[in-house]
1. Kindly provide the set of residues from the stretch 56-78 that are open to solvent by less than 50 Å² (accessible area, probe 1.4 Å), closer than 10 Å to K104 by Cα and under 22 Å from the mean Cα position of the chain (by Cα), ordered by number.
2. Taking S373 as the residue in question, decide whether it is surrounded by 15 or more Cβ atoms within 10 Å (Cβ to Cβ), under 18 Å from S31 (Cα atoms) and modelled with pLDDT under 90.
3. Restricting to the stretch 147-205, what's the tally of residues that are open to solvent by less than 50 Å² (accessible area, probe 1.4 Å), farther than 29 Å from T404 by Cβ and at pLDDT below 55?
4. Name the single residue that is surrounded by the fewest Cβ atoms within 10 Å (Cβ to Cβ) among those in the stretch 389-409 being under 21 Å from the mean Cα position of the chain (by Cα) and modelled with pLDDT under 85.
5. Which residues, counting only those in the stretch 297-336, are open to solvent by 40 Å² or more (accessible area, probe 1.4 Å), modelled with pLDDT of 85 or more, assigned to a strand (DSSP E or B) and closer than 26 Å to D285 by Cβ?
6. Going by the structure shown, is A249 in a strand (DSSP E or B) and open to solvent by 30 Å² or more (accessible area, probe 1.4 Å)?
7. Can you name the residue in the stretch 285-296 that is touching a Ser or Thr at 6+ places or on another chain (Cβ under 7 Å) and not in a loop (DSSP other than H, G, I, E, B) and is also modelled with the highest pLDDT among such residues?
8. Please indicate, with yes or no, whether at least one residue in the stretch 274-287 is out of contact with any Leu (no Cβ under 7 Å at 6 or more places or on another chain), within 26 Å of D184 (Cα to Cα), open to solvent by 40 Å² or more (accessible area, probe 1.4 Å) and aliphatic (A, V, I, L, M).
Amino acid sequence: MVKKFFLPVVIFFLLTRFLPAQDVSFGGKFSFGTAYLHLTDSESDAQGVPENTLVSNGLVQLLMTVTSGTVVRAYFGGTVSDYACTDISGNAVISDQKSESLDKAYIKLRFPWFTGQRMRLSLGKMPLSWGYGVVFNAGDIVFGPEPESFKNSETVFSGGTESSLSDLRTSTDWIVNASVPLLDGKLAVEPVAVLPLESGSAAAVSGESELYSALADSGSTLSGRSGYPRAGGRIMFMSYLEQIETVEAGYLTDFTAAEQQFYAAADGNLYVDYNLCAAFSLFKDSLSFTGSSGTEKKYTPSEQTKECTMLSLGLSKIFSVAAFDAAQAHTLSLRAETLYYPFSGTVKICTISSFSFTPALSSSVTWLFTRTSPDSLAGQASSVQEYIHLLALNLEIIPAGSFTVNAAAVLPDIQKAAGIQELSLSCTYRF
């Protein structure tokens, strides 16, 4: 841990040490939770855990922000977590994992620009938001269309509240990014370089085709997070119209041009808030790999492009519902997002319905539907479509200030009436 964090700590210290008029603030969260898992025989064998398992986890996340006027802002934060898995029937700990991670270590600088506005330069380990969408975002060619915590189609986050949604897309990487304003702020050009200094490999999404998984292993960001240096940029046009607020397009490539990524996105409001993203990749070389049947397979660049072509659509609306107490209205929040691969036929849909009874009490229902055609491009004998219907029920209570209690139940396949697979209870304190 010391070796991993030593260089970023030194760089952060040197960048902020000599800033004039420093304003330092601290934030973060403490989170503790436990969950009971009840698995079938096949699920237990597939996941390698007992049928009745108790999972406990604890997390401490800290963030320091250093501000110097309106010109410089620096962030530094990390997470320490502990995860334990216990076999209830055997009363034995089968897994106990501790981990530390450096989440953020970056600085933002603002410089005067010719238009009278300010150009922004950011560098360090930082998040980068391209495209639109919380659950599914085809425009996120930097970190992938799904959050890291959402890669497995059989795993759903246990809440649909705003606090849980804000924790979905938290990926960071070592990035150098600039934003140059043009046309009185209506147009912005943003060159970027992604320099993954930490080792890691792309993670495939379960249920996808063999070709999709092979692309993830080869480092394609559209099918997982890439571990290769990339450079490119995006152009954003802000119309300041309600119907179409923002239109953007971006491009990324590695330094060998083995894969070139493109995306376009737009968002606005047409009674409901909407966002639409599309993305695809162009490949230079054919891809060869060994399939699940043990045979050698080879796919042309055009076949790889088809597999990585995707669309995402998001719709959301917040309604105010009259209450008996006129001074306190209820809030109904509806959100639907989908990710579609037109050539492979895979479709993923997530709907979240959240109702706020009071500012301190809310509930949500999350439904995840996945239809996969894993063999449509893989050329196997079987082309049977697979369907997954997952339902999660969540209750959130805020007993005091920044302290939150969440209770959740997960039904893994409501179509088969398999019953409750997971019951969880967690407590989170944010500051």
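The values are calculated or read from the model by the stated rules, or taken from the named source; none is laboratory data. Being a predicted model, the structure only gives us computed values, none of them experimental. Glycine gets a Cβ as well: all are built from the backbone with ideal geometry, and neighbour counts include every protein chain shown. Note: areas computed on protein heavy atoms with side chains; ligands, DNA, RNA excluded. Shrake-Rupley method; radii C 1.70, N 1.55, O 1.52, S 1.80 Å.
1. If the condition is that a residue be open to solvent by less than 50 Å² (accessible area, probe 1.4 Å), closer than 10 Å to K104 by Cα and under 22 Å from the mean Cα position of the chain (by Cα), then Y75, F76, G77, G78 are the ones that fit.
2. The answer is no for S373.
3. The total comes to 3.
4. Ranking the candidates gives H389 first.
5. If the condition is that a residue be open to solvent by 40 Å² or more (accessible area, probe 1.4 Å), modelled with pLDDT of 85 or more, assigned to a strand (DSSP E or B) and closer than 26 Å to D285 by Cβ, then L311 is the only one that fits.
6. So A249 passes the test.
7. For the stretch 285-296, the residue satisfying everything is L287.
8. No; the residues of the stretch 274-287 include none that is out of contact with any Leu (no Cβ under 7 Å at 6 or more places or on another chain), within 26 Å of D184 (Cα to Cα), open to solvent by 40 Å² or more (accessible area, probe 1.4 Å) and aliphatic (A, V, I, L, M).
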